[in-house]
Amino acid sequence: MTRSPALTAAIPDAAAPDAATPAAIPDAWLPVCALADLAVERGAVALVDGEQVALFRLLDDTVLAVQQHEPHTQAMVMSRGIVGTRGGRPVVTSPLYKQVFDLSSGECLDTTKGERVALMTWQVEVRDGVVHLGAAHDPGARAAA
């Protein structure tokens with residue numbers, strides 16, 4: 001069994017006067033890791049601005065990012081999920097209770113009784129072989145609005 005590699009983004013020292021993190025600058029892109037560090041169709045976790053982010057590299061070298069925190073169990077396990085597709089959409093299946101989440105939107109595709117559960121997602125760009133994370137999208141904020 002292969003374990004997910006843990007990646008840590010190089011984040012400027014918060015005490016530095018010119019420090020800038022994605023949280024401080026909404027349009028900032030943070031380099032996280034080399035694309036080559038991510039195994040195809042496997043998850044990896046990166047610590048980004050103090051938050052665990054699950055990264056998934058797809059067959060076409062697209063990288064998608066969702067929160068590591070699994071909302072049903074409160075466990076930090078999403079990077080250990082099974083990657084696949086459902087209806088042509090890239091998905092990850094939670095390793096615990098097997099709920100399926102859309103990797104692009106964060107939406108849980110296995111909801112019951114009208115429950116609305118979703119994972120936070122991040123914008124991702126791959127530039128010159130380096131994976132960059134941009135702004136996070138919290139689906140819960142939209143539901144609360």
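The values are calculated or read from the model by the stated rules, or taken from the named source; none is laboratory data. Being a predicted model, the structure only gives us computed values, none of them experimental. Reconstructed Cβ throughout: ideal geometry from the backbone, glycine too, with neighbour counts over all protein chains shown.
Looking only at the stretch 80-104, residues that are of a type in the set (S, T, N, Q) and touching a Phe, Trp or Tyr at 6+ places or on another chain (Cβ under 6 Å) come to 0 in all. Restricted to the stretch 112-136, and to residues there that are within 17 Å of Ala28 (Cα to Cα) and crowded, with 16+ Cβ neighbours inside 10 Å, the residue that is modelled with the lowest pLDDT is Ala136. Here the condition is being out of contact with any helix residue (DSSP H, G or I) (no Cβ under 8 Å at 6 or more places or on another chain), in contact (Cβ under 8 Å) with a residue 40 or more places away in the chain and outside any helix (DSSP H, G or I); of Val91, Val83, Val126, it holds for Val83 alone. Could you tell me which residue of the stretch 10-53 is modelled with the lowest pLDDT, considering only residues that are part of a loop (DSSP other than H, G, I, E, B) and buried (at least 19 other Cβ atoms within 10 Å of the Cβ)? Going through the qualifying residues, I end up with Pro22. Scanning the stretch 95-114 for residues that are of a type in the set (D, E, K, R) and part of a strand (DSSP E or B) gives Asp102, Glu107. Residues that are surrounded by 15 or more Cβ atoms within 10 Å (Cβ to Cβ) and more than 15 Å from Ser104 (Cβ to Cβ) within the stretch 54-74 comprise Gln68, His69, Glu70, Pro71, listed in sequence order. In this structure, Thr93 does not qualify as more than 15 Å from the chain's Cα centre (by Cα) and over 26 Å from Ala28 (Cβ atoms).
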